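Notes follow once the structure below has been shown.
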Amino acid sequence: MFFGALQQQSVVPRLVVIKGEGGDGVTYHLSGTNHVVGRGNCDIRFAEDHFLNPEHARFTAQDSRLFVKDLDSANGVFVRIKSPVPLTHDDCFLVGEQLLRIDARPLPDGRPDGEGTYRYSSPRPDGLFRIVQLLAGGGEAKVCSARGGSLTIGREGNIVDFPTDRFISGRHARLDIASDSPHVILTDTGSRNGTFVRIKGAQELFHGDYLFVGQQLLRVEIS
């Protein structure tokens, strides 16, 4: 009867802040239903994190389940992927310190103008999509095309390399055109620090999930 009563008790989800050196920091117990995270006067406040909106995201606990919703923040909420996920045009993801965006628009067909004049241009790539590196403070830097339907990302020996990013593994992630849909499939290829995708709307979280909210790396505990 004692252990049966324990099993019937509702579980209180927790968010654990991961410190810069990788250890556990403050733990937040989500004992209520809704908890707003942000830089302002919120339930969970990180006043010095200027990558957070005043009200950035809402965590909702329901029947021992936990959901997160981005509150139209400037920088979004990024969740670490545990299996391949489909992406579409303009979706963003994090690899190490690199914020990358999918560009899956068809390239212009290269036809001449109305007078039959062609514009100067570089040779056209054969890739079916591209990734765009988004810079701090705004703007774009590196734009890299897939080779056919695939693109690999890492520190060395990949189609796209970031050799000075110490948070990226040698072989970190891979993107492939889906065979049965217009999506681009993102797969983490065994990286040490993971690959994170910006969520859309609300998403359920599970025990052991990691997510970035502003500059805060959080671990979910539901047990």
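The values are calculated or read from the model by the stated rules, or taken from the named source; none is laboratory data. All figures in this text were calculated on a predicted structure; none of them were measured in a lab. Heads up, the Cβs are rebuilt from the backbone with ideal geometry, glycines too, and the neighbour counts pull from every protein chain shown. Only protein heavy atoms, including side chains, enter the accessible area calculation; ligands, DNA and RNA are left aside. Shrake-Rupley method; radii C 1.70, N 1.55, O 1.52, S 1.80 Å.
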Margin query: Give me, ordered by chain and number, the residues 5 or more places off F51 or on other chains with an amide H under 5 Å from its own placed amide H.
Written below: Q215
Item checked: GNM result for the chain, Cα springs below 10 Å: residue of P182, P123, P84 fluctuating most strongly -> P123
Notebook entry, point to check: Considering the zone a paramagnetic label at R166 would reach in this model (a point 7 Å from Cα along the Cα-to-Cβ line), which residues of the stretch 200-223 have amide N under 16 Å from it?
Noted result: none
Checklist line | Where the stretch 1-101 is the region considered: accessible area per residue in Å², 1.4 Å probe | finding: 58 Å²
Next item on the list: Mind checking which of H89, L15, G40 is farthest towards the positive end of the stretch 1-144's charge dipole, using Cβ charges of +1 (Lys, Arg) and -1 (Asp, Glu) about the Cα centre?
Entry: L15
Checklist line | Residues of the stretch 166-192 with amide N under 20 Å of a point placed 7 Å along Cα→Cβ from S122 | finding: 175
Checklist line | Carbon/sulfur fraction of accessible area - the chain, other protein chains in place, 1.4 Å, % | finding: 49 percent
Check: Of all chymotrypsin sites (Phe, Trp or Tyr not before Pro) in the stretch 61-123, which ones are in loop regions per DSSP and have a Cβ with at most 15 other Cβ atoms within 10 Å?
Finding: Y118, Y120
Next item on the list: For the stretch 30-128, run through the trypsin sites (Lys or Arg not before Pro) and keep only the ones in DSSP coil with at most 16 other Cβ atoms within 10 Å of their Cβ.
Entry: K82, R119
Checklist line | Ellipticity estimate at 222 nm from DSSP helix runs (n ≥ 4, -39,500 (n - 2.57)) divided over the chain, nearest 500 | finding: -1000 deg cm²/dmol
Check: Once you charge only the Cβ atoms, +1 for Lys and Arg and -1 for Asp and Glu, what is the size of the charge dipole of the stretch 28-177 about its Cα centre, to the nearest 20 debye?
Finding: 380 debye
Notebook entry, point to check: Is the stretch 133-203 best put as rounded, prolate or oblate by its Cα gyration tensor, with a ≥ b ≥ c the root eigenvalues, rounded for a/c under 1.5, and otherwise prolate when a/b is larger than b/c, oblate when not?
Noted result: rounded
Item checked: Cβ charges +1 (Lys, Arg) and -1 (Asp, Glu), total dipole of the stretch 105-223, debye -> 220 debye
Note to self: Using 0.36 nm times the number of residues separating E140 and S83, minus their current alpha carbon distance, what extension gain do you get?
What the structure shows: 17.7 nm
Checklist line | Coil-residue GluC sites (Glu not before Pro) of the stretch 1-93, DSSP, other Cβ within 10 Å capped at 11 | finding: E21, E48
Checklist line | L71 long-range amide H proximity, modeled H, under 5 Å | finding: A57, R58
